[in-house]
1. For a quick check of your reading of the model, give me the residue pairs whose first member lies in region 6-20 and is in contact (Cβ under 8 Å) with a residue 12 or more places away in the chain and under 11 Å from G273 (Cβ atoms), whose second is near the ligand (Cβ under 10 Å from one of its atoms) and assigned to a loop (DSSP other than H, G, I, E, B), with beta-carbon atoms closer than 8 Å and at least 6 apart or on different chains.
2. Could you identify the single residue in V223, V217, V167 that is more than 16 Å from the ligand (Cβ to nearest atom), of a type outside the set (D, E), surrounded by 13 or more Cβ atoms within 10 Å (Cβ to Cβ) and under 20 Å from S312 (Cα atoms)?
3. How many residues does region 195-214 contain that are surrounded by 13 or more Cβ atoms within 10 Å (Cβ to Cβ) and away from the ligand (no atom under 15 Å from the Cβ)?
4. What number of residues within region 138-155 are surrounded by fewer than 21 Cβ atoms within 10 Å (Cβ to Cβ) and away from the ligand (no atom under 11 Å from the Cβ)?
5. Name the pairs: first residue in region 293-305 and closer than 21 Å to L99 by Cβ and among the hydroxyl-bearing types (S, T, Y), second residue part of a loop (DSSP other than H, G, I, E, B) and within 12 Å of the ligand (Cβ to nearest atom), Cβ to Cβ under 8 Å, at least 6 apart or on different chains?
6. Quick test for you: out of E14, E22, E5, pick the one residue that is within 14 Å of the ligand (Cβ to nearest atom) and either exposed (fewer than 14 other Cβ atoms within 10 Å of the Cβ) or in the same structural domain as S279 (by TED's automatic domain parsing) (or both).
7. Looking at R27 and the list (1) under 16 Å from the mean Cα position of the chain (by Cα); (2) among the charged types (D, E, K, R); (3) surrounded by fewer than 20 Cβ atoms within 10 Å (Cβ to Cβ), which single condition is not satisfied?
8. Taking the condition at pLDDT 95 or above, among the hydroxyl-bearing types (S, T, Y) and in a helix (DSSP H, G or I), does T62 pass?
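The values are calculated or read from the model by the stated rules, or taken from the named source; none is laboratory data. Predicted, not measured: the structure shown is a model, and the values here were computed from it. Here Cβ is always computed from backbone atoms with ideal geometry, including for glycine, and neighbour counts include all displayed protein chains.
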Amino acid sequence: MAVPERVVTNADLEKLVDTTDEWIVTRTGIRERRMAAPDEALTDFALPAADRALEMAGVAGTDVDLVICATVSPDRIFPATSCAVQDHIGALDAPAFDLSAACTGFIYGVALGAQFIEAGRARNVVVVGGEMLTKIVDWTDRATCVLFGDGAGAVVLQAAAEDDRGVMGYALHADGSLGDLIERPGGGSRAPISHEMIDAGQHHITMRGNETFKKAVRRLAEVSEEALAGCGLEPLDVDWFIPHQANRRIIDAVGQRLAVPEGSTYVNVDRYGNTSAASVPIALDELNRAGRIQPGQTVLMTAFGSGLTWASAVVKW
Ligand code: COA
């Protein structure tokens, strides 16, 4: 993982919009988040995250044959951020593309990378999830600006030597009919960049929070069960549950519905806020570097986001 140095607390936000630390903590569990500097962009974190993942895996960048970057807040609309990662790590001529599935993007990326490996079309796949949502949030909208943070995380996928290790299964879903629940309407071909579009605030994230909340709880629980069942597992078999870190209340509600073992749910939303596609790999890295995931343990990763999209992956560590 790689995150900006600057920490923005709820007290800092109290000076910016009509909000309180108490409101933010009670409704979301968020206490602080990381925020990129004005001159920092996604690749300032996506590249070091990829470097660190390769170093941990003991894989040379030149041996990487596929790079996937999940993001909806790239440095530039095009070319893809994954191409900058590919160049930086020296994965000469390897295919590279970005994946747009918002907060669910990292898990979509892991599923895709695993498919390439299973099909024998790639040996070493770098999957990055990274976002700079503080750059596209409306800093006058208290209902959204308090929620998000910046950062990136990455993994290296390789074929496992044994059949009972690695990405054991996954479930991926989308419902495009609810595309307007969380969106950034401006800046594309529907509302191209113009003074009028910006005056209308369409270049910012808009969200119907309450509806999103309800959908998220239901879908996160459903898709987790589906992915586990696909591997012949039950929630009680999970050693580590890594849910998308959007909101503490969503995480608690999903944990209750799913009935994963006590103490298995990892939570860091209090320190990072919602980092979208980066939230699951950041949490995974924290757990792993702390030595808390043991070989052979079952890790369940689940996310939900704009699209709507939702997905879950089961990994035998
Ligand atoms: N500080 C103080 N008050 C705030 C506030 C803030 N930062 N943001 C909203 N409010 C106010 C609203 O204006 C509203 O006031 P009103 O009753 O006078 O109109 C009140 O709080 C309740 O707003 P509501 O949106 O109904 O609150 P909520 O309980 O649904 O919580 C969210 C709002 C955003 C925290 C919650 O809906 C949520 O977490 N949704 C999911 C968001 C998410 O995770 N999205 C990403 C998914 S990937």
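1. Qualifying pairs under 8 Å: N10/T19; N10/T20; N10/I30; N10/V146; L13/T19; L13/V146.
2. V167
3. Going through region 195-214 one residue at a time, the tally reaches 6.
4. Matching residues across region 138-155 total 3.
5. If the second residue must be part of a loop (DSSP other than H, G, I, E, B) and within 12 Å of the ligand (Cβ to nearest atom), the pairs left are T302/H244.
6. Numbers: E14 fails: either exposed (fewer than 14 other Cβ atoms within 10 Å of the Cβ) or in the same structural domain as S279 (by TED's automatic domain parsing) (or both); E5 fails: within 14 Å of the ligand (Cβ to nearest atom).
Matching residue, one of E14, E22, E5: E22.
7. (1)
8. yes
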